[in-house]
Amino acid sequence: MNTRSLRFRITAWYAGLLAGALLVFGVSVYLGLERYLNWNLERTLGSECRTIGTQLLTQHPFKRTTWLETEIDEAYAPEVNSHFIRVIQEGVGVLYISGAPKDGAFDPSQVPLPDGEEKNRQRKIRLGEGRQLLIDTLQFTAPDGSRFVVESGVPYHQIEVVLHGLLLTFAVYMPFIISLAVVSGYWLMRRSLQPVDEITKRAEGITSTNLSERLPVIRTGDELERLSISLNRMIERLDQAFQHINRFSADASHELRTPLTILQLELEGIAQSHRLNPSLTDQIGSALEETHRMSHIVENLLAISRLDAGEVKMDKTRLDLGNLAASTAEQMRLLAEEKSIFFRSNVATDIYVEGDRSRLQQVIVNLVANAIKYTQEGGEVEVSVRRDGGTAVLEVSDNGAGISAHALPHVFERFYRADKARSRNSGGAGLGLAIVKAICTAHGAEINVSSQEGRGSHFTVELPLLDVPESDLAKPVLRTR
Ligand code: ADP
C-alpha cells in the first residue's frame, strides 16, 4: 500500500479524526451517564429515607414494629429489589432491617451501624469481593421526641453493570464504525479520484502526433474542473506551437526547393560544358553531388513536416501488405546482391490492411535500404509479413552492424544518426526512419526496433488488419531466396 498517496493520507486523517471524535463522545457519554446514575440513585435513596421517616415514623407514631415491617416490605419489597433498609430508634435499637436480597448481593447483617457523623449523609460500604453498598442515612425526630435513623441502600454494582454494558457497547461498535468509515472513506476517495486517473491515462496517450485530442473535463465545479480545463488549454497551446513549427519546417523546405532545383540545373549545365578544365569539372561534380544530397534532405524534410501537420492527403485503399512487401523486396534484391548480401523474403499473402500504397512502400524501401546499408558484405537481410491475431506484422531484420543501446531510443528522431561518419558516407541524413515513423503514425501503425550492436537489428511494423473472409484465412506462404 502506498502510504504517501493522497487516498491513504486523507483516509488516515479521516479515520483518525473520527476515532478521536468517537473517543471524546464515548468518554463524555460514559462520565455523563455515570454522574446521572449516581445522582439518580442518591436521589432515590434520599427520597426513600424521607418517605419512611415522614410517612411511617413521624406522622404515624406506631407501637408495633411488625406494622413497620409490613409497611416497608409492601412498599419497597427490599429482598426482591436488592435493597437495604434499616430503621434504628435511638436508645432502643434496630426496629427494622431488610432481609437478605434474593440475588445474594450483600448480607444486611454485615452492614455496620452508622456512627455519629454518618447519621445524616451518604456513605459507601465495602463488602466482600470488591462490592460496594451505597447507603443514604437520615435522622428524624418524631412529635413525641423519639429519634430515629433511617438507612436506605443499594449495591453500587447496579451502576457498574450499566456502565460496563456501555463500555462493552463502545468497545464492540467503535472499532466496527471506524473500520466501516476507513473502508467506505477509501472507496469514496477512490471514486472521487477516478476522474483524475482517467485524465492521467488520457494525458499519457497524448503525444506530439495527437495533440488535437483533449482530456475529459471533470464537471465538479472545483479545483479538479479547473485543473482539467487548464490542462486542456495547455495542450491547445502546445498544439498551436507544434503546428507552427511544422508549418515553418514545411514552408522552409518548400521555399528551398525551387532555388535548389535551379542551382542543380545550372551546375548540370556547367558540368556538361566541354571547355572546363578537369579539376574544375571535378569541383562542379562534387558541388552537384552535394546539391543532390541537399535536395534529397529538403524533400524528406518537406515530406515529414507535411505528414506531421496532417497536410498530406492519404490515398488509403484496401491492399495486400504481403504482396506489396514481396514486390518491393524483389525490386530491392539487386541492391542486396551488389553487396553480396543474402536476401530472404518470407511473406504471407492476403494480409489485408487499409493504407496508402506508395507511402507503405516507402516504409518497406526505407527499412530494407537501411538493413542493406548497415549490413556488411556476406551478411543476411530478411523481410517477412505475417498475421498475428488482428494485426498485420511487417518485419525487416538483418545481422549487420546493429544499433547501440544508447542510440536505440533516438533512431526515429529527425536528423539522428547513430554513427555520423558512417551514415554520412552512405548518404544518410538521419531522416529515413523519421519518415517511416510519420507514415506509420498516419496509418495508426506501431513501429518498434530491437537491436544489438554488432549482431543486427530487427524492425517491426504492426498495422491493424482488415477483416478477411474465414475461407481466406489459411493461404500459402511465398518464400523466395
Ligand atoms: P540515415 O539516413 O542516416 O540512414 P535513418 O533515419 O534511416 O537515417 O536511420 C537513423 C540511424 O539509425 C542511422 O543513422 C543508423 O545509424 C541507424 N540505423 C537505422 N537502420 C539501421 C540498421 N538496419 N542497422 C543499423 N543501424 C541502423
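The values are calculated or read from the model by the stated rules, or taken from the named source; none is laboratory data. As the structure is a prediction and not an experimental result, all values here were calculated from the model. Counting neighbours? That spans all protein chains shown, and the Cβs are built from the backbone with ideal geometry, glycine included. With ligands, DNA and RNA removed, areas are computed over all heavy atoms of the protein, side chains included. Shrake-Rupley method; radii C 1.70, N 1.55, O 1.52, S 1.80 Å.
In the range 44-51 there is no residue that is open to solvent by 50 Å² or more (accessible area, probe 1.4 Å) and within 30 Å of ARG190 (Cβ to Cβ). The criterion of at least 2 residues that are of a type in the set (Val, Ile, Thr) and touching a strand residue (DSSP E or B) at 6+ places or on another chain (Cβ under 9 Å) is met, among strands (runs of 3 or more DSSP E) falling completely within the range 119-199, by 132-141, 147-155. Taking the stated definitions as given, is SER423 modelled with pLDDT of 95 or more and either more than 33 Å from the chain's Cα centre (by Cα) or more than 8 Å from the ligand (Cβ to nearest atom) (or both)? No; evaluated as a whole, the condition is false for this residue.
Within the range 200-215, restricting attention to residues that are among the hydrophobic types (A, V, I, L, M, F, W, C) and assigned to a loop (DSSP other than H, G, I, E, B), the residue that is nearest to the chain's Cα centre (by Cα) is LEU215.
With respect to the conditions (1) over 60 Å from the mean Cα position of the chain (by Cα); (2) open to solvent by 80 Å² or more (accessible area, probe 1.4 Å); (3) of a type in the set (Phe, Trp, Tyr), TYR36 lacks only one, and its number is (1). Within the option set ARG219, ARG275, being outside the structural domain of HIS296 (by TED's automatic domain parsing), without any contact (Cβ under 8 Å) to a residue 40 or more places away in the chain and not in a helix (DSSP H, G or I) holds for one residue only, ARG219.
So which of GLY310, GLY322 is closer than 30 Å to VAL393 by Cβ and open to solvent by less than 40 Å² (accessible area, probe 1.4 Å)?
GLY322
The C-beta contact set for the range 312-323 (first residue of a type in the set (Val, Ile, Thr), second residue not in a loop (DSSP other than H, G, I, E, B), distance under 6 angstrom, 6+ apart or interchain) comprises VAL312/ARG306.
So which of THR11, THR3 is open to solvent by less than 30 Å² (accessible area, probe 1.4 Å), closer than 30 Å to ASP197 by Cα and of a type in the set (S, T, N, Q)? It would help to see each step written out before you state the result.
Details: THR3 fails: open to solvent by less than 30 Å² (accessible area, probe 1.4 Å).
Within the list THR11, THR3, the selection yields THR11.
Give me a count of the residues in the range 93-106 that are at pLDDT below 85 and either open to solvent by 30 Å² or more (accessible area, probe 1.4 Å) or in a helix (DSSP H, G or I) (or both). So the count comes out to 2. Just one of the numbered conditions (1) surrounded by fewer than 21 Cβ atoms within 10 Å (Cβ to Cβ); (2) near the ligand (Cβ under 7 Å from one of its atoms); (3) at negative phi is not true of GLU462: (2).
So is SER457 over 19 Å from THR328 (Cβ atoms) and either at pLDDT 90 or above or near the ligand (Cβ under 8 Å from one of its atoms) (or both) or not? Talk me through it step by step, then tell me what you get.
Working: over 19 Å from THR328 (Cβ atoms): no; either at pLDDT 90 or above or near the ligand (Cβ under 8 Å from one of its atoms) (or both): yes.
So SER457 does not fit the description; no.
Within the range 384-410, residues that are away from the ligand (no atom under 11 Å from the Cβ) reach partners that are in a loop (DSSP other than H, G, I, E, B) and open to solvent by 20 Å² or more (accessible area, probe 1.4 Å) with beta carbons closer than 8 Å, at six or more positions or on different chains, in the pairs ALA405/GLU453. So, THR70, is that one polar (S, T, N, Q), assigned to a helix (DSSP H, G or I) and in the same structural domain as SER47 (by TED's automatic domain parsing) or not? Against the criterion (polar (S, T, N, Q), assigned to a helix (DSSP H, G or I) and in the same structural domain as SER47 (by TED's automatic domain parsing)), THR70 qualifies.
Evaluated against (1) farther than 15 Å from ALA252 by Cα; (2) touching a residue at least 40 places away in the same chain (Cβ under 8 Å), ILE304 falls short on exactly one condition, (1). The lone criterion from (1) touching a residue at least 40 places away in the same chain (Cβ under 8 Å); (2) open to solvent by 90 Å² or more (accessible area, probe 1.4 Å) left unmet by ARG202 is number (1).
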